[in-house]
Amino acid sequence: NLHNMLHKALDQAVYLDMIQKNPADFAVIPRAPKKEMLYFTVEEQKKLQEALKGERLGMAILLDLYTGMREGELLGLTWQNVFIDLNGQSYIKVTQTINRLSCPRIIRDNKTAITVNEPKTPHSKRIIPLLPDIAKKLDEYRIEQQKYFKENGFPPSDFVFTSTTGTVIDPRNFQSYFKHLLIRNGIRVINLHGLRHTFATRALESGMSPK
């Protein structure tokens, strides 16, 4: 960051006897203010879940509400990491994430490209249990997705959530879709990460351990 760059430059000045001490050694860097954690109230969540009915990507939003997955984890979820047992415990594994990252010009002309990466941290690789009702809806979604691809001549997709042609969803498009979904239904607009905060808030309200 800027402070580190300035510190190194002044260190060089001390080394060259241009100054006696590095003034940056005495600088106190103020902490950046924490951003407010936005989340949906119970009533807003109910209204959102009602609005998801009939939405092509409604299952993606619903799954996020009940798992707290990061956007990249959600869009990077593959069917091989979905384990549904309607008579037992269903769960999903988080093993990869979709991101739009800077791409060197030597590789392609665009400044960014969609890539599949390891999760944010080692601890991000995890197993998330699914509530029976969410598992049932996800299974029904899988059947509908397979039917859609077959009827439209598209090959089956490894990814759970895809574009209309079966390709990976661009995170920017998903964010735009979510924003317009909220606007169309008169729901307070918060960003996609707010779904993760909503999940955490509902979990705490239900008495779940923060850890």
Exercise for the section: Once you've got the GNM for the chain with C-alpha springs shorter than 10 Å, pick whichever of ASP25, ASP170, ASP133 has the biggest mean-square fluctuation. Expected result: ASP25
Problem - Tilt relative to the chain, helix 132-151 - C-alpha long axis, 0 to 90 degrees, to 10 - result: 80 degrees
Exercise for the section: Please find the FRET efficiency linking SER124 to ARG188, where r is the Cβ-Cβ separation and R0 is fixed at 25 Å, and quote it to the nearest 0.05. Expected result: 0.35
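Please list PHE159, PHE149 from largest to smallest accessible area, probe radius 1.4 Å, with all protein chains kept in place.
From most accessible down to least: PHE159, PHE149.
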Problem - Ratio Rg/Rh, restricted to the chain and using Cα atoms, in which Rh is the Kirkwood radius - result: 1.11
Practice task
Would you kindly find the accessible area of ARG184, with a 1.4 Å probe and non-protein molecules such as ligands, DNA and RNA excluded, rounding to the nearest 10 Å²?
Solution key: 140 Å²
Handout entry: Calculated log₁₀ intensity ratio I(q)/I(0) where the Debye formula runs over C-alpha points of region 117-211, q = 0.10, 0.16, 0.20 Å⁻¹
Key = -0.41, -1.06, -1.38
Handout entry: Accessible area of the chain belonging to carbon and sulfur atoms, whole % at 1.4 Å probe
Key = 56 percent
Exercise for the section: Please work out the average accessible area per residue across the chain, using the 1.4 Å probe convention, and give it in Å². Expected result: 67 Å²
Exercise for the section: Would you kindly find the accessible area of TYR148, with a 1.4 Å probe and non-protein molecules such as ligands, DNA and RNA excluded, rounding to the nearest 10 Å²? Expected result: 90 Å²
Fill in the blank from the handout: To the nearest 20 debye, region 67-211 has a Cα-centred charge dipole, built from +1 on Lys and Arg Cβ and -1 on Asp and Glu Cβ, of 520 debye
Handout entry: 0 to 90° range, to nearest 10: angle between helix 171-184 axis and the chain longest Cα axis
Key = 60 degrees
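The values are calculated or read from the model by the stated rules, or taken from the named source; none is laboratory data. This is a predicted model, so every value here is computed, not measured. So basically every Cβ, Gly included, is an ideal-geometry build from the backbone, and we count neighbours across all protein chains shown. We work out accessible area using only protein heavy atoms, side chains counted, and drop any ligands, DNA or RNA first. Shrake-Rupley method; radii C 1.70, N 1.55, O 1.52, S 1.80 Å.
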